[in-house]
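Visitor: This structure is in structure tokens; I'll ask about it shortly.
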């Protein structure tokens, strides 16, 4: 994938690099960036239960990671 339209804009690979981390040689979006994306989806009428659950899980993880 070379771009992703989320958070009101189209993010190119180069833009997404700023919000990524490499773990064991594989690049991922940061948990905080993905949480922001998933939070933005919660306002949609067709929000998936999976995304609601993911937001709760990620908020708990990030809270505990910073304690």
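Visitor: Please go through segment 1-20 and pick out each residue that is over 18 Å from residue 35 (Cβ atoms) and assigned to a loop (DSSP other than H, G, I, E, B).
Guide: 1, 2
Visitor: Only residues that are assigned to a loop (DSSP other than H, G, I, E, B) and either on the phi > 0 side of the Ramachandran plot or in contact with a strand residue (DSSP E or B) (Cβ under 6 Å, 6 or more places away or on another chain) (or both): list them for segment 28-67, please.
Guide: Listed by number, the list holds a single entry, 30.
Taken together, the values in this text are just the output of simple stated rules run on the coordinates, not laboratory data. Worth saying up front: this structure is predicted, and the values here are computed from it rather than measured. As a convention, Cβ positions derive from the backbone with ideal geometry for all residues, glycine included, and neighbour counts pool all protein chains shown.
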